[in-house]
Amino acid sequence: RQHEAPRRVKRAWVIPPISVSENHKRIPHLLVQIKSDKQQPGGVIYSIKGPGVDEEPLGIFSIDKFSGKVFLNAMLDREENDRYRLRAFALDLGGVTLEDPTDLEIIVVDQNDNRPLFRQDVFTGRVVEGAEPGTCVMTVDATDADDPDTDNAALRYSILDQGAAGMFSINATTGEICTARPGLDRETMGVYNLTVQAADMSGDGLTTTAMAVIHLEDINDNPPEFTKEEFSMEVEEQAAGVDVGKVFVHDKDLAGSPSWLAKFTILEGDPEGAFAIRTDPHTNDGVLSVVKPLDHEVRDRFELTVSVQNERPLEPSAPASPRALATVRVRVRDVNEAPVFRENPRRISVLEGTPPGTPITTYTASDPDTHQIQTLTYALLYDPADWLQLDPHAGTVRTKRELLHPSAFLQGGWYIALVLARDDAEPPLSATGTLSIEILEVNDHAPQLQPPVGVLCGRPGRGGTLLLGATDDDRPPHGAPFHFQLSPQHPQLARNWSIARFNVTHAVLAVLAELAEGPYSLPLLLRDSGTPPREQEQLLNVSVCHCGRDGTCLDGALAAATAGAGITLGALMIILGSTILLLVLAGLGAARVRGRRRALRKGLLQHSRDDMRDNILNYDEQGGGEEDQDAYDINQLRHPELFCPRAKPPLRRDAPLSSGTPMAPRKLPSSPSDIEDFINEGLEAADSDPSVPPYDTALIYDYEGSGSVASPLSSIVSSLTDEDQDYDYLSEWGPRFRRLADLYG
């Protein structure tokens, strides 16, 4: 064959889709019979595979393998699976495929077996009161699990119940709820509860319901109103910052909202501004309070006109109404008031030294309670210097003792006292008044010469002058400037002396003729500038000294001694007594120190009466010490001039080459008991010598003679190590160093 003809598909093996209704109750139910065109003598084996057979859900479909009949074994639910796609196979008895697998599609036909479901059980919406018809509030919506392409899922909405008013309507298709008519009033009905329904099959099928709750939002369409036209209150006089009472109002709008909150105003009856009114945020009532003290004696009652309105203005749609007004009558109750000092503080002036018992003022208070008969009494509350006495009934203040100046109780010349006024009411009240008394200065002191003694040169001209000064216990203007003059009762003084003004407090005394050395007493008259002026004659003790060329005293000690003529005998005795006391104390201290030294020395020497070198050897065992007690004669230390009178003191081996010569010989001790002092003095001299470093200075006390074959002990430590030091020479130093030679040799 040149060309093979196209292969024709067997129509019996092509299976069209099979429809079966969900919820089919007759099972098993024959759906279709499949058949292969390739029949075999032994027959054909049929099988199917796919969801519902060998895949989840299992066991829904089955096939007779010999006849090819396909059966439904369970009820179907379109909402779970709306179709099943299977594969059909045809095999011979040996398992060889006779036909290519073919598709078997089973479509589940929908039934109206699901009710509509609202997305929520309760829908909530809000709309302002007075809304126009057609104002949409909310939308309710539902779903249906049935096939949306069929009437089984075609929903329609309706309002089953909304009360008798019928204020709302619903769109049957969209579920949108809107206002249907005017007249929504929150004060009449604030919440509407609607029962809405959703039905499938375009409203003729299965149904479900839900609630739609609509809240009306408040607007300010109701003004506040007083609960009554008149209110009466009472308040005590002199009370400030206290609440008097409340005025009550009513507002139909939503409590707590700006449309409900009230604002009060006092229109009439309070020209002084003594009252204030505020709003209680919790109750919306007006609270009347007193902001200024009231006086029953001045005005005992008030009649106030109060208005009220909302914080937010009324809506234009609200019905017009006049402003709400009310009358508030307030009675001021009389109470006992404290006395009042009209002049506080009271300032007066009193002359210094005013005699006791002198009336200086009458300080009284007044009682504001003019409608009550009360008696006031007075007492001194504060009188630190106890200068005053007070009449308890008349309030007259008198001096109790002289008012002196200066005093620690005066502040800038003022004396402060407190007066207490008390009424006789029950309970009694009191007030305090301040009495400020100015103590006026009186010129009762004459100026005093300061100082009353002096020294000057007795030669006229240069050096023959003395600066005089004065002081006055009085305050200005009763003090300086001072006037100095020689006593008019002694005119002969003017031949030798003169006084000239230097400044307001000082003058210059000058010598007019050359005077002999010695003391002079000059009577001077001093006068102040007070009114009237006070003057006093005083003696000036002047010592004239021997003058030098430059006008100064040549012998300062003599001048001081002569000037001492002006010192009193008592002062001189005090100075001499103090000097003697200091000398006695110094002597006792020195004797005590010396006594301690002698006691210490006696304690050290009490075990031996031998020479000092024995004591030196008794401190410790140095090795062979007792055999060498004649190695050094201490007489050389006591009397070096006997042994080496002209010998030059040897140079210190530990001193630098540039060191100076030793200091002059010190006074030698006169007895062995003074050797300690002698050695200590040498130690102090060595420590204080600035010409050499302190090396072994403490070991050198004095020149100990010449010709010793022994080297100084300080050479023993002249090396830092023992390895490079030769100690063999120690054996040549004598028996005293035999022990060291055995240790180091």
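Sorting S436, S232, S19 by accessible area (1.4 Å probe), largest first, what list results?
Largest to smallest exposure gives the sequence S232, S19, S436.
If you count only protein heavy atoms with a 1.4 Å probe, what accessible area per residue comes out for segment 117-217, rounded to a whole Å²?
49 Å²
For M201, M233, give the ranking by accessible area with the largest first, probe 1.4 Å.
So, going from the largest accessible area down, we get M201, M233.
Run the quick spin-label model on E732 and M75: label points 7 Å from Cα toward the beta carbon, then report their separation in nm to one decimal.
For the pair E732/M75, the computed spacing is 14.4 nm.
What accessible surface, in Å², does a 1.4 Å probe find on V242, ignoring ligands, DNA and RNA and rounding to the nearest 10?
Roughly 60 Å² of V242 is accessible to a 1.4 Å probe.
Would you list C553, C136, C457 from the most to the least accessible area, probe 1.4 Å?
C136, C553, C457
With the other protein chains left in place, how much accessible area per residue, in square angstrom, belongs to segment 18-109 at a 1.4 angstrom probe?
Here the per-residue accessible area is 55 Å².
Run the accessible area of segment 448-545 with a 1.4 Å probe and give the carbon-and-sulfur part as a rounded percent.
On segment 448-545, the fraction of accessible area on carbon and sulfur atoms equals 54 percent.
Let me cross-check R181: its accessible surface, 1.4 Å probe, with only protein heavy atoms counted, in Å² to the nearest 10?
Surface accessible to solvent at R181 totals approximately 120 Å².
V137: net charge of surrounding residues, Cβ under 9 Å, Lys/Arg +1, Asp/Glu -1, itself excluded?
Net charge around V137: 0.
Express in nm, to one decimal, how much length is gained between L93 and K49 on full extension, taking 0.36 nm for each residue of separation and deducting their alpha carbon distance.
Taking L93 through K49 to full extension adds about 14.0 nm, to one decimal.
Distance check, please: which entries in K228/K252; K25/K49; K25/K65; K263/K292 exceed 18 angstrom between their Cα atoms?
K25/K49; K25/K65; K263/K292
Looking at segment 18-109, what % of its DSSP beta bridges pair antiparallel, to the nearest 5?
If we restrict to bridges inside segment 18-109, about 80 percent are antiparallel.
Averaged per residue, what accessible surface does segment 460-529 expose to a 1.4 Å probe, in Å²?
Ligands and nucleic acids excluded, the result is 53 Å² per residue.
List the GluC sites (Glu not before Pro) within segment 324-394 that fall in a DSSP loop (any state other than H, G, I, E or B) and whose Cβ has at most 12 other Cβ atoms within 10 Å.
E343
Taking K and R as +1 and D and E as -1, what net charge do the other residues with C-beta under 9 Å from the C-beta of M75 add up to?
Here the count lands on -1.
Can you tell me which of 500-513, 208-221 comes out highest on packing, and rank the rest after it, using the mean Cβ neighbours within 10 Å?
Per-residue Cβ counts within 10 Å, averaged per peptide and sorted highest first, yield 208-221, 500-513.
In whole Å, what is the distance between the alpha-carbon centres of segment 12-52 and segment 506-554?
160 Å
In the neighborhood of T305, defined by Cβ-to-Cβ distances under 15 Å, what is the net charge if each Lys or Arg adds +1 and each Asp or Glu adds -1?
Neighbour charge sum, excluding T305 itself: -1.
Please give the solvent-accessible surface of E22 in Å², to the nearest 10, using a probe radius of 1.4 Å with every protein chain present.
The value for E22 is about 0 Å².
Per the 1.4 Å probe, what fraction of the accessible area of segment 346-440, in percent, lies on carbon and sulfur atoms?
Roughly 54 percent of what the probe reaches on segment 346-440 is carbon or sulfur.
Post the alpha-carbon centroid distance, segment 274-321 to segment 223-245, in whole angstrom.
8 Å
Over segment 346-440, what is the relative contact order in whole percent, taking alpha-carbon pairs under 8 Å and six or more residues apart?
With pairs under 8 Å counted, the relative contact order is 37 percent.
Using a 1.4 Å probe over the heavy atoms of the protein chains, calculate the carbon and sulfur portion of the accessible area of segment 87-226 as a whole percent.
46 percent
Out of all DSSP beta bridges with both ends in segment 117-217, state the antiparallel percent to the nearest 5.
75 percent
Go ahead and run the numbers for FRET between S202 and H250, Cβ-Cβ distance against an R0 of 41 Å, rounding to 0.05.
In this case the efficiency is close to 0.20.
The values are calculated or read from the model by the stated rules, or taken from the named source; none is laboratory data. The model shown is predicted, which means the values in this text are computed figures rather than measured ones. A quick note on method: Cβ atoms are made from the backbone with ideal geometry, for glycine too, and the neighbour counts reach across all protein chains shown. Note: accessible area is taken over every heavy atom of the protein model, side chains too, but ligands, DNA and RNA are not part of it. Shrake-Rupley method; radii C 1.70, N 1.55, O 1.52, S 1.80 Å.
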